[in-house]
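Report on the structure given below.
The values are calculated or read from the model by the stated rules, or taken from the named source; none is laboratory data. Only a predicted model underlies this, so the values are computations on that prediction, with no experimental measurement involved. Glycine gets a Cβ as well: all are built from the backbone with ideal geometry, and neighbour counts include every protein chain shown. Ligands, DNA and RNA are excluded from the accessible area calculation, which covers all protein heavy atoms including side chains. Shrake-Rupley method; radii C 1.70, N 1.55, O 1.52, S 1.80 Å.
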Amino acid sequence: MQRRELLRVVRSLVEQPTAPFHEDAVRDAIVAELKKCAHVRIEHDAFGNVIARYRRGTRARPRWAFAAHMDHPGWVRTEKGDWRFLGSVAEHFLVNPRMREFGDFAMWDLPAFELKDEQIHSRACDDLLGCAEIICLFQELEASRANVHCLGLFTRAEEVGFWGAIQLARSRILPKEITIFSLETSTPRGGAEIGRGPIVRVGDRLSIFDSGETARLMSLAAAHDIPVQRCLLDGGACEASAYQLYGYRSVAASIGLGNYHNCAADGSIQCEYVSVADYAKMVRLCLAVVCETKRSDPSKDLRDTLEKRAERYTPLFRKM
Ligand SMILES: [Zn+2]
């Protein structure tokens, strides 16, 4: 996908205002983008989560569901009419906030989209960029006439503790053999850096993810020459932890995020930012995952490698 088209999709989402339980505009923009794909069907569950299905030329069941959330920390108006901030942000940032109101909810008064030094700056990269990646993935599949079957899950109110993902997992409408791939933006940790490729997230603050499928992400990235970083991102938690608690096999990857939840290191409130190159590489990684034709077994490959190495040392074996 051309860089210009990637950025157009990003922009179409980040320009929409959002907050937990106020994802209407983002949802509408997602649906409008997906309607351009002839092989995508869209469903809405009873809780307002969006389930998109790309299916072309195959009767196979979907193996992958790509997951991202449509909200971002912000204020919502309570029944009494006062503002309540939803999302994980330290108290001192919330004193005399510069707010921008959108009816019954409000966001930080910051630019929706700016491109500076090959970085996307926005009041809400988390997780509208995850949503945009799924759209780019589906548009790529459509353009390349890929004969595959996969799902995209766009959930609500992640920032209050996976509200939408929990409803979706509990309703059991997803096939239980599917692997859920959580797409996030996260503060780099464990040696990861912004601009050095997507971060394959072995786990988060709450749990670790499926080892075999994580190995698959690593081997697909290597096979497709996509630079990735493999790290434990334990600064926060992601939906992979939630889905996993309900028995779904889960993996996760993030693009490195600056100013997580708009909190800058100097104590001010700023746009979040990510690297355009990391974003483009994440879309390529997702594409490699869905389009894997001959399904390899990373555990078997590793076992073979280790056994071969072990055999080389067998001549040195002596009975004790
Ligand atoms: Zn977040």
Review point. Roughly how much of V202 is accessible, in Å² to the nearest 10, using a 1.4 Å probe?
Key: 30
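Roughly what % of DSSP beta bridges within the range 3-316 run antiparallel, to the nearest 5? Don't jump to the answer; show the numbers that get you there.
Values: 34 of 55 bridges.
Roughly 60 percent of the DSSP beta bridges within the range 3-316 come out antiparallel.
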Check your understanding: Which residues in the range 207-251 have a backbone N closer than 17 Å to a point placed 7 Å from the Cα of H92 along the Cα-to-Cβ line?
Key -> none
Revision key, fill the gap. Once normalised by the length of the chain, the mean sequence separation of its alpha carbon contacts under 8 Å that are 6 or more apart gives a contact order in percent of 21
Check your understanding: Ignoring ligands and nucleic acids, what accessible area does S144 show with a 1.4 Å probe (Å², nearest 10)?
Key -> 70
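Return the loop-located trypsin sites (Lys or Arg not before Pro) in the range 1-105 (DSSP other than H, G, I, E, B) with at most 10 other Cβ atoms within 10 Å of their own Cβ; answer none if there are none. Walk me through the numbers on the way to the answer.
Details: sites: R3, R4, R8, R11, R27, K35, K36, R41, R53, R55, R56, R59, R63, R77, K80, R84, R98, R100; in loops: K35, K36, R56, R59, R63, K80, R98.
Answer in residue order: K35, R59, K80, R98.
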Practice item. Report, to the nearest 10°, how far helix 3-14 tilts away from the longest principal axis of the Cα atoms in the chain, using its own Cα long axis and a range of 0 to 90°. Key: 50
**Study point:** Calculated from backbone phi, Karplus (6.51, -1.76, 1.60) coupling profile of the range 91-100 in Hz, x at Gly/Pro
**Key:** 3, 5, 6, 9, 7, 6, x, 8, 9, 10
Review point. Just for the Cα atoms in the range 3-316, what are the lengths along the principal axes, largest first, rounded to whole Å?
Key: 75, 44, 38
Review point. What residues have an amide H closer than 5 Å to that of G203, excluding those fewer than 5 places away on the same chain, when H is modeled at 1.01 Å from N in the peptide plane?
Key: F209, L233
Check your understanding: Which angle from 0 to 90°, rounded to the nearest 10, does the C-alpha axis of helix 24-34 make with the longest principal axis of the chain?
Key -> 50
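Loop-only check: which chymotrypsin sites (Phe, Trp or Tyr not before Pro) in the range 126-197 are DSSP coil with at most 11 other Cβ within 10 angstrom? Working shown, then result.
Values: sites: F138, F154, F162, W163, F181; in loops: F162.
Sparse-neighbourhood loop chymotrypsin sites (Phe, Trp or Tyr not before Pro): none present.
Which of the GluC sites (Glu not before Pro) found in the range 180-225 are loop residues per DSSP with 14 or fewer other Cβ atoms within 10 Å of their Cβ?
Details: sites: E184, E193, E213; in loops: E193.
Of the GluC sites (Glu not before Pro), the ones in loops of the range 180-225 whose Cβ has at most 14 other Cβ atoms within 10 Å are E193.
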Revision key, fill the gap. Non-local residues with an amide H under 5 Å from the amide H of A67, with H modelled 1.01 Å from N and Pro and chain starts lacking one, are L153, F181, S182, L183
Check your understanding: Once the Cβ-Cβ distance between M99 and M218 is put in as r, and R0 is 30 Å, what FRET efficiency do you end up with, to the nearest 0.05?
Key -> 0.10
Practice item. Measure off 7 Å from each Cα along the Cα-to-Cβ vector at L115 and E15, then give the distance between these two points in nanometres to one decimal. Key: 1.3
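Please compute the per residue accessible area over the range 1-70 with all protein chains in place, 1.4 Å probe, rounded to a whole number of Å². Before the final figure, lay out the partial values.
Details: 3400 Å² over 70 residues.
The answer is 49 Å² per residue.
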Review point. How much length is gained if the chain between K319 and A265 is pulled fully straight, taking 0.36 nm per residue apart and subtracting their Cα-Cα distance, in nm to one decimal?
Key: 13.4 nm
Exercise for review: Report the local net charge at E101: Lys and Arg +1, Asp and Glu -1, summed over other residues whose C-beta lies under 11 Å from its C-beta.
Suggested key: 0
Study note, to complete from the structure: In whole angstrom, the spacing between the Cα centers of the range 127-199 and the range 232-247 equals 12
